[in-house]
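I have placed the structure first, in the form of structure tokens, so that the comments after it can refer back to it.
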Amino acid sequence: MRYTPHRPNEIDEMLRTIGVGSIDDLFKDIPDELKEKAEGAFQALSAPMTEKELSFYMDNLADENYDLFEVVSFMGAGVYPHYVPSVVDTISSRGEFYTAYTPYQAEASQGSLHVSFEWQTYIARLTGMDVANSSMYDAASATAEAVYMAIRIHRGKRNKVIIASTLHPEIKEVLKTYLEPKGTVIEEIRYDKETGRIDVEHLKDLVDEDTLAVIVQSPNFFGVIEDEKDAVEIAHEKGALYIATVLEPLAYGLIKPAGYYGADIVVGDAIGLGNYPAFGGPGVGFLATRSKYVRQMPGRLVGETTDPEGTRGFVLTLQTREQHIRRAKATSNITSNHFLMALRATVYMALLGRTGFKKLAYVNYKIAHYAKEKLASIEGIEIPFSGPFFNEFTVKLPISAQHVFEHMAAEGIYPGVPLHRFFGPAYENYMLIATTELHSKEDIDGLASHLSEVIKNG
């Protein structure tokens, strides 16, 4: 759609038609003090810049940022930097794809719809589920939407959600925001201080006939891989749904995905698959489930069909968004979503293939376990949890983790995420460390050397 500015005589004619003397009259309901405040703010702006001046100004602002090629970062906690092949950037920057908007006209959007269909296929295979939607915003909102989905499946007859205490703290906050207005009760499963896994016996005590869903993250926030088989069985014994959350889907290249243990819904974030950390987002959430629950899924679903001539094609199907049916009957109000990020993840997964995905997962596993052994050999450092892990683990330092972080960051090494930010003073000395294929042996040896020095100097 082209934009054509209105000429003065056209503006005058429109104003006469609606019975208004001037454009200013359209804003007469706005209090004068607000207008004056806005005018003052406008006048306080700096003088206009030429394109060249603005370009230099923005470049200087960008130079104040750090990127992963300038520093060595071992920070994860839900956002994991991985190498992004150049073909991902090339394909995702094509004009045909470079939009987030809903492909309402199937005949004009076959490329985008085809990509969404492939994304759904990859996610369903990756999670071991029957069907996936065409992406969500991020893992946090996907988890909350999964609970809404569980509420619909139970027809509102159950009112309690049980979540692992090892679930990402920010996902917990989003769940509270979504569920408190509904009056849904949230209870937490404590974790075993030895293994770092959820306490299965405590889960048994919590689950009852009022439980609509159990939510467990694996690998969990401490990096520990949970025993989901037992958790699924406990949830199902009481008729509750099991919702699995995964923030590092690459782990499914080595461990069995939650779908194989009988999970009802699997959600997560694919920001690590062909996307960049970029200050923590945008990510790209995913949601996969069983075929019997497909009509309760939020978001969009792309289906495969044929046209009257027998040519393969793709369309939006089972459209239960509020744009298509009555709002009271809609399963979600997701509109423009993170399709571009889903496209990047699709290209990335297609490029790696099943074998490449498994190999990359194994590389991540080996690097992380080398890092753990290296750090565990430093006097004063403890590995608090005995549970298995993938590419992220927790360490307990003999001094403040924040103190260590600040000193090492000044040297261009970001050693990990201090956990007191999420759990308070009791975790003052705990740090979460993540490694990926971007980290070399030299990087890890450097981390160990600097960490040892900071600890020695107190």
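The values are calculated or read from the model by the stated rules, or taken from the named source; none is laboratory data. Please read these numbers as outputs of a predicted model, since none were measured by experiment. Here Cβ is always computed from backbone atoms with ideal geometry, including for glycine, and neighbour counts include all displayed protein chains.
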Item to check | Unmet criterion (only one of (1) over 22 Å from residue 78 (Cα atoms); (2) part of a loop (DSSP other than H, G, I, E, B)) for residue 221 | outcome: (1)
Item to check | Failed criterion for residue 305 (all others in (1) in a helix (DSSP H, G or I); (2) free of Cβ contacts under 8 Å to residues at least 24 places away in the same chain; (3) closer than 21 Å to residue 120 by Cα hold) | outcome: (1)
Checklist outcome for this item: Only one of 171, 153 is buried (at least 21 other Cβ atoms within 10 Å of the Cβ) and either under 13 Å from residue 245 (Cβ atoms) or touching a residue at least 12 places away in the same chain (Cβ under 8 Å) (or both), namely 171
Checklist entry - Looking at the range 68-77, which of the residues that are under 24 Å from the mean Cα position of the chain (by Cα), in a loop (DSSP other than H, G, I, E, B) and not aromatic (Phe, Trp, Tyr) is nearest to residue 404 (Cα to Cα)? => result 75
Next on the checklist: Condition (residue is surrounded by fewer than 16 Cβ atoms within 10 Å (Cβ to Cβ), more than 17 Å from residue 273 (Cβ to Cβ), at pLDDT below 95 and out of contact with any Leu (no Cβ under 7 Å at 6 or more places or on another chain)) applied to the range 335-356: is it met by at least one residue?
Outcome noted: yes
Next on the checklist: Among the listed residues 207, 147, identify the single one that is farther than 27 Å from residue 80 by Cβ and touching a residue at least 40 places away in the same chain (Cβ under 8 Å).
Outcome noted: 207
Checklist entry - So, of the residues in the range 256-295 that are hydrophobic (A, V, I, L, M, F, W, C) and out of contact with any helix residue (DSSP H, G or I) (no Cβ under 9 Å at 6 or more places or on another chain), which turns out to be surrounded by the most Cβ atoms within 10 Å (Cβ to Cβ)? => result 294
Next on the checklist: Checking the conditions here, which among 116, 46 is of a type in the set (Gly, Ala, Ser) and either touching a strand residue (DSSP E or B) at 6+ places or on another chain (Cβ under 6 Å) or under 29 Å from residue 437 (Cα atoms) (or both)?
Outcome noted: 116
Checklist entry - Mind checking which residues of the range 357-382 are among the aliphatic types (A, V, I, L, M) and either more than 20 Å from residue 217 (Cβ to Cβ) or modelled with pLDDT under 95 (or both)? => result 360, 363, 367, 371, 375, 376, 378, 381
Next on the checklist: Whether any residue in the range 242-258 is touching a residue at least 24 places away in the same chain (Cβ under 8 Å) and farther than 27 Å from residue 385 by Cβ is what I want to check.
Outcome noted: no
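This table checks each residue for (1) in a strand (DSSP E or B); (2) farther than 12 Å from residue 73 by Cα; (3) at pLDDT 95 or above.
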{"site": "395", "(1), (2), (3)": "yes, yes, yes"}
{"site": "398", "(1), (2), (3)": "no, yes, yes"}
{"site": "405", "(1), (2), (3)": "no, no, yes"}
{"site": "422", "(1), (2), (3)": "no, yes, yes"}
{"site": "443", "(1), (2), (3)": "no, no, yes"}
{"site": "447", "(1), (2), (3)": "no, no, yes"}
Checklist entry - Counting residues that are at pLDDT below 85 and exposed (fewer than 10 other Cβ atoms within 10 Å of the Cβ), which helices (runs of 4 or more DSSP H) fully inside the range 1-67 reach at least 2? => result 32-43
